[in-house]
Amino acid sequence: MKKYILVAMGTAGDVNPFVGMGRALKQRGHRVLLVTNPYFEKFILDAGLEFIPIGTVKEYVEGMSDPDLWHPVKSGAVVLNRVILPNIKQVYDIISNLCKEDKYIVVSTSMALGARIAEEKLKIPLCTTYYLQPSLRSDREINGITFPDWMPRFMSRGMFALMDRLLVDRAICPKLNEFRAELGLSPIKSGTFSQWINSPKIVLCLYPEWLKPFQPGWPKQTIQTGFTYYDSIPDSEASREVMQFVESGEPPIIFTPGTGVLNEGEFFKVAVESVQALKRRALLCTKHSSQLPSKLPEGVMYAEYVPFSLVLPKAALIVHHGGMGTMVQAISAGIPQIIRPMAHDQYQNGNLAQKLGAGVVIRRNKFTVNRVTEKLNYLLTSETVARRCSELAKKCDMPVYLKETCEILEKL
């Protein structure tokens, strides 16, 4: 038996794949501790994993309520100042204290800088993981910033280096180096995100090569496996009502702006009017019902939570924000999708889905009833799109991806 510390930072979409990974490792006989915000404590304990808190529920809720979190430009600063920098020392201390008592392997998101420092200071095995978003920097792109193919690679690398020096390193290094100095580690002067952030032992990408092939500029220690996620299936009256609705007529269109989004009244208004124009049924998914129209028409239902692994195979199409978890489950279910990105990796994910032929992207400022209705009608009637979605669904083999991921982590 080996012992693993999994460090997941971010929203439900960030925590979910670590729960799936942790459950798989536990089923193989290992001990798994999952470190994340206590907002997810019940979800993790219900999944059968041990839980260690980092931060507070109040901090998580305040962060998710920040409107800049979903701004295409300002979102990076919100994540940096609310998630990455405040948790460096706490993540390090958790790992340090646990490793004083026993030997652990650490698997962390790239945002958990305290885990990277722990590897450097304590010489513990670390796996840096890129999971739901293909955001590992290549010579040409990172999180929606893409340089054209005609640009020489030395030029795009130089542009990224300049951005690092002027923006990233200036924002991160003072706080990072302050803590490094306390531990007797030398300061990092440049290349925080381009070089230092990744474990020199292994960088694990949890997305397959058919989605994103190995890119020039990725670290040589990069290994690709495939998607991991955990879809909890509650046995409740509400979930039974949702499934009864889904199965009681023509396959519905699913609409969700993402689990953490709070102010998307316009998204749901457009959703309702679009399905009415097409005379289709719809399921609206959000934890924040205040965003919904005051009265829903016949054939449109609201759900606070719906297990996508059960619902999407019975749906006609999904319209969502571009989170990789939602995109992957739609691909696995063999249904087309409309992606309306807002920030972070969502633009890049939308472009991937569009290039694969699995759906289309509608920018936020163009998400109108006419545009959405037009694209819904196209995706629902196109034989080419239906055939392509079916082909992609056959490529998704979640049990195999989980097995490959566990086997790699067991070798650490």
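Rule-based calculations on the coordinates, nothing more; no lab input. Owing to the predicted nature of the structure, the values given are computational and were not obtained by experimental measurement. Note that each Cβ is placed from the backbone with ideal geometry, even for glycine, and that neighbours are counted across all protein chains shown.
Here the dipole of the chain is about 920 debye; that uses its Cα centre as origin and unit charges on the Cβ of Lys and Arg (positive) and Asp and Glu (negative).
Figure legend: label point modelled 7 angstrom from the Cα of residue 395 along Cα→Cβ; residues of segment 289-332 with amide N under 15 Å from it are 327-332.
Near residue 317, the amide H atoms lying under 5 Å from its own belong to 254; only residues 5 or more places off or on other chains count, and H is placed 1.01 Å from N. Proximity of backbone amide H atoms, modeled 1.01 Å from N, is registered between residue 7 and 35, 107, 108, 109 at under 5 Å, excluding neighbours fewer than 5 places apart on the same chain. For the chain, the longest principal axis of the C-alpha atoms and the axis of helix 265-278 are separated by about 40°.
Counting neighbouring Cβ atoms within 10 Å and putting the fewest first, the residues 51, 214 line up as 214, 51. Counting every other Cβ atom within 10 Å of each residue's Cβ, 381, 128, 222, 56 order from fewest to most as 381, 56, 222, 128. Our summary of shape: the Cα atoms of segment 1-68 have principal axis extents of 43, 18, 17 Å, ordered from largest down, in whole angstrom.
The stretch between residue 93 and residue 387, if pulled fully straight at 0.36 nm per residue, gains 100.7 nm over its current Cα-Cα span. On the beta carbon distance between residue 266 and residue 46, with R0 = 35 Å, the FRET formula returns roughly 0.55. What residue among 131, 39, 207 shows peak mean-square fluctuation when the chain is described by a Gaussian network model with Cα springs under 10 Å? The residue that fluctuates most here is 39. Taking the chain as a Gaussian network of alpha-carbon nodes connected by springs under 10 Å, the highest mean-square fluctuation of the residues 175, 123, 395 belongs to 123.
Could you work out the helix-only [θ] at 222 nm for the chain, with each DSSP H run of four or more residues adding -39,500 (n - 2.57) and the total divided by the number of residues, to the nearest 500 deg cm²/dmol? It would help to have the intermediate numbers written out before the result.
Numbers: 16 runs with 174 residues, N = 412.
So the helix-based figure for the chain works out to -12500 deg cm²/dmol.
Taking every alpha carbon pair in segment 237-395, what does the distance histogram look like in 5 angstrom bins from 0, in percent? Per 5 Å bin, starting at 0, the Cα pair percentages come out as 2, 10, 21, 24, 24, 14, 5, 1, 0.
Which one, 242, 350, 98, projects farthest toward the positive side of the charge dipole computed for the chain from Cβ point charges (K/R +1, D/E -1)? Result: 350. Largest GNM mean-square fluctuation across 348, 337, 221, computed for the chain with C-alpha springs under 10 Å, falls on 221.
Evaluate Rg over Rh across the chain, taking Cα atoms for both radii and Kirkwood's formula for Rh.
Values: Rg = 21.3 Å, Rh = 22.2 Å.
Using Cα coordinates only, the ratio equals 0.96.
Here residue 279 and residue 243 are evaluated by their C-beta separation; at R0 = 35 Å the FRET efficiency comes out at 0.95.
3J(HN,Hα) along segment 174-180, derived from phi through the Karplus expression 6.51 cos²θ - 1.76 cosθ + 1.60 where θ = phi - 60°, amounts to x, 5, 5, 6, 4, 6, 4 Hz, with x in place of Gly and Pro.
Residues of the chain were split at every exposed loop site, defined as GluC sites (Glu not before Pro) in a DSSP loop with at most 11 other C-beta atoms within 10 angstrom, and the longest piece left, sites excluded, is 1-208.
In this rough spin-label picture, where each label sits 7 Å from Cα along the Cβ direction, the residue 209-residue 66 distance is 3.9 nm. For segment 237-395, the Cβ-based charge dipole about the Cα centre amounts to some 460 debye (Lys, Arg positive; Asp, Glu negative; other atoms uncharged).
Relative to the longest principal axis of the Cα atoms of the chain, helix 383-395 runs at roughly 40 degrees.
For the chain, relative contact order (Cα pairs under 8 Å, six or more residues apart, normalised by length) works out to 15 percent. Given R0 = 22 Å, the distance between the Cβ atoms of residue 181 and residue 123 translates into a calculated FRET efficiency of 0.70. Please give the helix 113-122 orientation as an angle from the longest Cα principal axis of the chain, in degrees from 0 to 90, rounded to the nearest 10. Around 30 degrees separate the two axes.
Across segment 237-395, Cα pairs under 8 Å and at least six residues apart give a relative contact order of 22 percent.
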